[in-house]
Amino acid sequence: MRHHPFPGDLVLAQEAWTRTYAELARPRTSRAAGVTALRRRLIRLSAGVYFHPYWARPRPAAGRADLLRRVRDAQRARGEVAA
């Protein structure tokens, strides 16, 4: 698989988004504790990834799915997410 040169700040934002989403999806005994903060963080990260200047290029080298796949592969390799 060919890896495209995504900007480092975009990759970090997508990694943070993936971790935040996983944390929000995790079952909790007390659902209200921290859920609002996680949702707000997820919204802020979503905006940062979606409106990143990389996507404003006339023809970005790769798409959003490629970015997400690259981040998930890297997290899986580090043992951060289940396969």
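For the reader, a short list of remarks on this structure follows.
- In region 51-69 there is at least one residue that is at pLDDT below 90 and in contact with a Pro (Cβ under 8 Å, 6 or more places away or on another chain).
- Qualifying residue in region 43-58 (condition: closer than 12 Å to VAL11 by Cβ and of a type in the set (Val, Ile, Thr)): yes
- Residues within region 2-16 that are out of contact with any helix residue (DSSP H, G or I) (no Cβ under 8 Å at 6 or more places or on another chain), in a loop (DSSP other than H, G, I, E, B) and either at pLDDT 80 or above or of a type in the set (A, V, I, L, M) (or both), tallied: 1
- Qualifying positions in region 25-50 - β-branched (Val, Ile, Thr) and at pLDDT 90 or above: ILE43, VAL49
- Top-ranked residue of region 54-68 - restricted to ones that are in contact (Cβ under 8 Å) with a residue 40 or more places away in the chain and assigned to a helix (DSSP H, G or I), ranked as farthest from PRO5 (Cα to Cα): LEU68
- Tally, over region 69-83, of residues that are assigned to a helix (DSSP H, G or I) and more than 18 Å from ALA25 (Cβ to Cβ): 5
- Restricting attention to region 17-45, the residues being part of a helix (DSSP H, G or I) and closer than 20 Å to GLU80 by Cα number 13.
- Residues of region 70-83 that are open to solvent by less than 100 Å² (accessible area, probe 1.4 Å), at pLDDT below 85 and hydrophobic (A, V, I, L, M, F, W, C): VAL81, ALA82.
The values are calculated or read from the model by the stated rules, or taken from the named source; none is laboratory data. The structure displayed is predicted, hence computed values, not measured ones. Note that each Cβ is placed from the backbone with ideal geometry, even for glycine, and that neighbours are counted across all protein chains shown. Quick note on the areas: whole protein, heavy atoms, side chains included, nothing else; ligands and nucleic acids left out. Shrake-Rupley method; radii C 1.70, N 1.55, O 1.52, S 1.80 Å.
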